[in-house]
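The structure under discussion appears below in the form of structure tokens.
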Amino acid sequence: MDVPLPHLDRPFDYLVPEALDAEAQPGVRVKVRFAGQLVDGWLLERAESSAHPKLAYLEKVVSSVPVLSPEVARLARAVADRYAGSLADVLRLAVPPRHARAEKAVTADADAPADPDAPADADARPGGRAEVDPRGWRDYPAGPALLRALTDGRPARAVWSALPGEDWADRYADAVAATVAGGRGAVVVVADARDLDRLDAALTAVLGAGRHVRLTAADGPARRYRAFLAARRGDVAVVIGTRAAMFAPVERLGLVAIWDDGDDLHAEPRAPYPHARDVLLTRAQLGDAAALVGGYARSAEAQLLVETSWAREVVADRAVVRARTPAMAPTGDDPQLARDPGAASARLPSLAWTSARDALRADLPVLVQVPRRGYVPSVACADCRTPARCPHCAGPLALPSAQGTPACRWCGRVAAAYACPECGGRRLRASVTGARRTAEELGRAFPGVPVRTSGREEVLATVPGGAGLVIATPGAEPVADGGYGAVLLLDSWALLTRADLRAGEEALRRWMAAAALARPGTASGRVVVVADGALAPVQALLRWDSAWFAARELAERRELGFPPAVRMASVTGVAEAVSDLLDGARLPDGAEVLGPVPADEGRERMLVRVPRSRAAALAEALHAAAGQRSARKAADPVRLQVDPLVLF
């Protein structure tokens with residue numbers, strides 16, 4: 001039943017009236033009477049008898065379309081158990097809301113008689129044979145073998161480190177085509193709409209139109225539901241999408257794949273907070289399917305797959321890496337600015353200024369990555385450097401424009417009469433410069449050059465290949481025709497000094513994603529990172545060796561006892577509720593309880609750490625304790641998250 005109470009997370013038996021016997025098939029949506037109310041539910045199984053003597057009747061079959069497949073139902077149960085959640089919460093993520101009009105249209109199309117004059121085309125059917133050209137994978141010694149395994153239907157598991165300038169969408173299209181050629185289906189998950197559009201175009205070019213569907217909430221409820229039903233009915237063998245596609249009902253699943261698994265958009269923000277990578281790997285394990293985890297940078301979780309031999313790494317030889325990598329150079333933490341007044345006004349180190357100037361003179365575009373959006377998203381007292389805070393809510397003050405008045409980023413109040421509480425000073429200076437301010441400065445430094453910005457307000461997908469400046473926040477970098485002549489990675493300290501376990505890993509991931517857009521080869525493109533070259537993430541970028549950095553990160557986390565080397569769960573709520581849940585939980589042997597640490601809005605967080613071998617026992621104990629609290633109607637809610645992205 002679709003009831004968000006942990007103690008009701010189990011199947012319930014109902015009688016099927018004779019009038020609903022034909023429609024009440026496993027996988028359909030139903031309505032049942034429970035505790036005096038009519039609630040939604042899923043019909044999981046039909047049985048001849050029940051152990052319960054008194055049963056109520058099924059009230060209604062909402063739709064006769066069996067939208068929940070047995071494979072997805074089994075997967076949803078496994079995901080709920082892994083994340084200490086309820087099956088109803090996972091099914092809410094797995095099956096999109098019903099759209100009656102779209103469902104009626106799809107059913108009518110399926111029931112329409114076939115056109116006898118339509119040409120027969122075996123390749124138009126899911127699973128039709130297709131030629132797969134392995135040339136794109138030959139830069140990776142294990143690449144052609146991966147395609148052969150997919151064509152043969154073998155459950156190959158791979159962690160792929162993409163080369164600079166690699167068209168990852170084309171390589172994923174090759175892998176999907178090989179899977180389809182073997183008569184099996186595929187599910188591919190990407191982080192955002194721009195990546196989805198690239199993959200959509202690549203698959204259409206390789207497979208042809210109508211051979212796959214895309215699942216994303218951005219397409220709207222009707223289009224999304226039609227795509228879902230097409231996959232559920234077996235009309236297509238390939239589903240691509242954002243994290244909503246991780247539960248896509250594909251028949252004879254042969255491949256699950258995820259691109260850039262370190263992107264935090266892959267983490268579901270709704271209970272039980274599953275990560276797309278882990279859901280897909282669970283599908284591969286349950287369904288004996290192949291798995292492909294790819295990216296320019298490698299996450300610690302992907303490195304764990306390699307080190308435990310669950311997956312094999314697919315990487316290029318070092319000679320190929322050196323040939324494909326653009327020229328890269330660090331500038332140091334506190335570089336001397338160029339003597340040129342234009343460089344000083346644009347706050348560019350000499351090397352970055354020269355690289356940008358040379359690329360523009362060669363009629364090539366320049367990409368500038370700035371970690372923060374806005375104009376001046378953070379200001380401080382000009383006299384004593386104390387961060388400027390809102391006098392009402394203590395939120396950070398920011399400048400919206402050059403002539404703007406400082407305003408709070410939390411409550412929105414204007415602080416026109418701000419005075420520093422430390423020294424009484426009234427002058428403000430920028431402590432963090434945003435993308436719009438950077439664009440303004442570079443526009444003055446390079447007069448006559450087109451300046452484009454790509455960020456939260458407007459994300460550009462592509463830019464022309466001529467001379468121009470593109471200022472983008474991480475993740476919003478557009479693809480330039482032919483690649484960028486120079487890529488400048490500014491304000492690196494803003495990424496590296498975040499109070500986050502994954503700060504170094506995330507900085508490297510964002511840098512490599514931007515650097516991969518440069519023209520390949522040391523004679524064509526140039527990447528300048530404004531950071532100390534001795535730092536480990538910078539070293540990994542300069543050598544294009546994220547595997548080395550991921551192995552280093554994983555080793556440190558093993559030593560310190562942090563995920564993914566261990567399994568960790570966070571319990572967040574008011575202090576009394578957190579203590580109540582943990583006191584009632586039968587935690588497995590060896591569990592460590594850490595904290596409390598302050599959370600938001602007067603709540604606190606406790607962390608529970610166990611070895612990976614005890615992960616299932618920890619999730620079961622926390623779910624049972626949550627069920628005890630819901631059964632006795634405890635007032636204060638508690639948020640449970642297993643392996644959250646943010647720990648502190």
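Could you please let me know if residue 2 is in a loop (DSSP other than H, G, I, E, B) and acidic (Asp, Glu)? Talk me through it step by step, then tell me what you get.
Values: in a loop (DSSP other than H, G, I, E, B): yes; acidic (Asp, Glu): yes.
So residue 2 passes the test.
Can you find, within the range 587-634, the residue that is surrounded by the fewest Cβ atoms within 10 Å (Cβ to Cβ) among those that are of a type in the set (Val, Ile, Thr) and within 27 Å of the chain's Cα centre (by Cα)? Give the steps one after another, and end with the answer.
Going residue by residue through the range 587-634, those that are of a type in the set (Val, Ile, Thr) are 593, 597, 608, 610.
Among the residues that remain, those that are also within 27 Å of the chain's Cα centre (by Cα) are: 597, 608, 610.
Details: 597: 13, 608: 23, 610: 22.
Per the stated criteria, the residue is 597.
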Matching residues in the range 195-221 - criterion: being open to solvent by 40 Å² or more (accessible area, probe 1.4 Å) and touching a Lys or Arg at 6+ places or on another chain (Cβ under 7 Å):
217
Going through the range 49-73 in order, the residues found to be outside any loop (DSSP other than H, G, I, E, B) and within 16 Å of residue 24 (Cα to Cα) are 57, 60, 61, 70
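Which of the residues that make up the range 602-648 are of a type outside the set (Gly, Ala, Ser) and in a helix (DSSP H, G or I)?
Of the residues in the range 602-648, the ones of a type outside the set (Gly, Ala, Ser) are 603-612, 614, 618, 620, 622-623, 628-629, 632-633, 636-648.
Residues satisfying the conditions are 612, 614, 618, 620, 622, 623, 628, 629.
Here is a list: 33, 46. Which entry is without any contact (Cβ under 8 Å) to a residue 60 or more places away in the chain and assigned to a loop (DSSP other than H, G, I, E, B)? Steps first, please.
On the way: 33 fails: assigned to a loop (DSSP other than H, G, I, E, B).
Exactly one residue qualifies, and that residue is 46.
Here's the yes/no breakdown for (1) among the hydrophobic types (A, V, I, L, M, F, W, C); (2) in contact with a helix residue (DSSP H, G or I) (Cβ under 7 Å, 6 or more places away or on another chain); (3) farther than 30 Å from residue 483 by Cβ; (4) part of a strand (DSSP E or B):
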| site | (1), (2), (3), (4) |
| --- | --- |
| 523 | yes, no, no, no |
| 528 | yes, yes, no, yes |
| 532 | no, yes, no, no |
| 550 | yes, yes, no, no |
| 564 | no, yes, yes, no |
| 579 | no, no, yes, no |
| 587 | yes, yes, yes, no |
| 600 | no, no, yes, no |
If I filter the range 68-121 down to residues being touching a strand residue (DSSP E or B) at 6+ places or on another chain (Cβ under 7 Å) and within 25 Å of residue 222 (Cα to Cα), which single residue comes out as modelled with the lowest pLDDT?
98
Can you list residue pairs whose Cβ atoms sit under 9 Å apart, with the first residue in the range 441-454 being at negative phi and the second being surrounded by fewer than 16 Cβ atoms within 10 Å (Cβ to Cβ) and in a helix (DSSP H, G or I)? Count only pairs 6 or more apart in sequence or on different chains.
441/345; 444/345; 445/341; 445/344; 445/345
Condition first: of a type outside the set (D, E, K, R) and under 13 Å from residue 57 (Cβ atoms). Now tell me which residues in the range 8-31 satisfy that.
12, 14, 15, 16, 17, 19, 20, 24, 30
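Could you tell me whether the range 16-26 includes any residue that is within 33 Å of the chain's Cα centre (by Cα), over 30 Å from residue 584 (Cα atoms) and either in a strand (DSSP E or B) or without any contact (Cβ under 8 Å) to a residue 40 or more places away in the chain (or both)? Break it down into steps so the answer makes sense when it comes.
Taking the range 16-26 as the starting set, the residues that turn out to be within 33 Å of the chain's Cα centre (by Cα) are 26.
Next, only the ones that are over 30 Å from residue 584 (Cα atoms) stay: 26.
From what's left, either in a strand (DSSP E or B) or without any contact (Cβ under 8 Å) to a residue 40 or more places away in the chain (or both): none.
No, every residue in the range 16-26 fails to be within 33 Å of the chain's Cα centre (by Cα), over 30 Å from residue 584 (Cα atoms) and either in a strand (DSSP E or B) or without any contact (Cβ under 8 Å) to a residue 40 or more places away in the chain (or both).
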Scan the range 512-521 for residues that are within 20 Å of residue 302 (Cα to Cα) and in a helix (DSSP H, G or I) and jot them down.
512, 513
Any idea which of 485, 475, 561, 525 is over 17 Å from residue 329 (Cβ atoms) and either open to solvent by less than 20 Å² (accessible area, probe 1.4 Å) or hydrophobic (A, V, I, L, M, F, W, C) (or both)?
561
List the pairs whose first member sits in the range 298-314 and is farther than 22 Å from residue 543 by Cβ, whose second member is assigned to a helix (DSSP H, G or I), and whose Cβ atoms are under 6 Å apart, counting only residues at least 6 apart or on separate chains?
311/305
Within the range 267-279, is there a residue that is open to solvent by 10 Å² or more (accessible area, probe 1.4 Å), assigned to a helix (DSSP H, G or I) and in contact with a helix residue (DSSP H, G or I) (Cβ under 8 Å, 6 or more places away or on another chain)?
yes
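For the range 365-377, state whether one or more residues are more than 30 Å from residue 520 (Cβ to Cβ), hydroxyl-bearing (Ser, Thr, Tyr), modelled with pLDDT under 75 and exposed (fewer than 15 other Cβ atoms within 10 Å of the Cβ).
no
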Can you list residue pairs whose Cβ atoms sit under 8 Å apart, with the first residue in the range 582-599 being in contact (Cβ under 8 Å) with a residue 40 or more places away in the chain and the second being surrounded by 13 or more Cβ atoms within 10 Å (Cβ to Cβ) and not hydrophobic (A, V, I, L, M, F, W, C)? Count only pairs 6 or more apart in sequence or on different chains.
584/628; 584/629; 597/604; 597/605
Out of 354, 405, report the one residue that is part of a helix (DSSP H, G or I), at pLDDT 70 or above, surrounded by fewer than 18 Cβ atoms within 10 Å (Cβ to Cβ) and not acidic (Asp, Glu).
354
Just name the residue that is nearest to residue 361 (Cα to Cα) out of those in the range 438-472 that are open to solvent by 50 Å² or more (accessible area, probe 1.4 Å) and among the β-branched types (Val, Ile, Thr).
451
Determine whether residue 260 is open to solvent by 20 Å² or more (accessible area, probe 1.4 Å), charged (D, E, K, R), at pLDDT 95 or above and on the phi > 0 side of the Ramachandran plot.
yes
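Can we say residue 317 is open to solvent by 50 Å² or more (accessible area, probe 1.4 Å) and at positive phi?
Numbers: open to solvent by 50 Å² or more (accessible area, probe 1.4 Å): yes; at positive phi: no.
No: the conditions fail for residue 317.
Among the residues of the range 15-37, how many are farther than 26 Å from residue 229 by Cα, open to solvent by 50 Å² or more (accessible area, probe 1.4 Å) and not basic (Lys, Arg)? Let's see the steps before the verdict.
Just the residues of the range 15-37 that are farther than 26 Å from residue 229 by Cα, to begin with: 15, 17-18, 33-37.
Subsequent filtering for residues that are open to solvent by 50 Å² or more (accessible area, probe 1.4 Å) retains 15, 18, 33-37.
This time we only want the ones that are not basic (Lys, Arg), so: 15, 18, 34-37.
So the answer is 6.
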Count of residues meeting criterion [within 18 Å of the chain's Cα centre (by Cα), of a type outside the set (Phe, Trp, Tyr) and part of a loop (DSSP other than H, G, I, E, B)] in the range 288-317:
3
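The values are calculated or read from the model by the stated rules, or taken from the named source; none is laboratory data. Not measured: the values here are computed from a predicted model. Using ideal geometry, Cβ is built from the backbone for each residue, glycine included, and neighbour counts are taken over all protein chains shown. Surface areas here come from the heavy atoms of the whole protein model, side chains and all, with no ligands, DNA or RNA. Shrake-Rupley method; radii C 1.70, N 1.55, O 1.52, S 1.80 Å.
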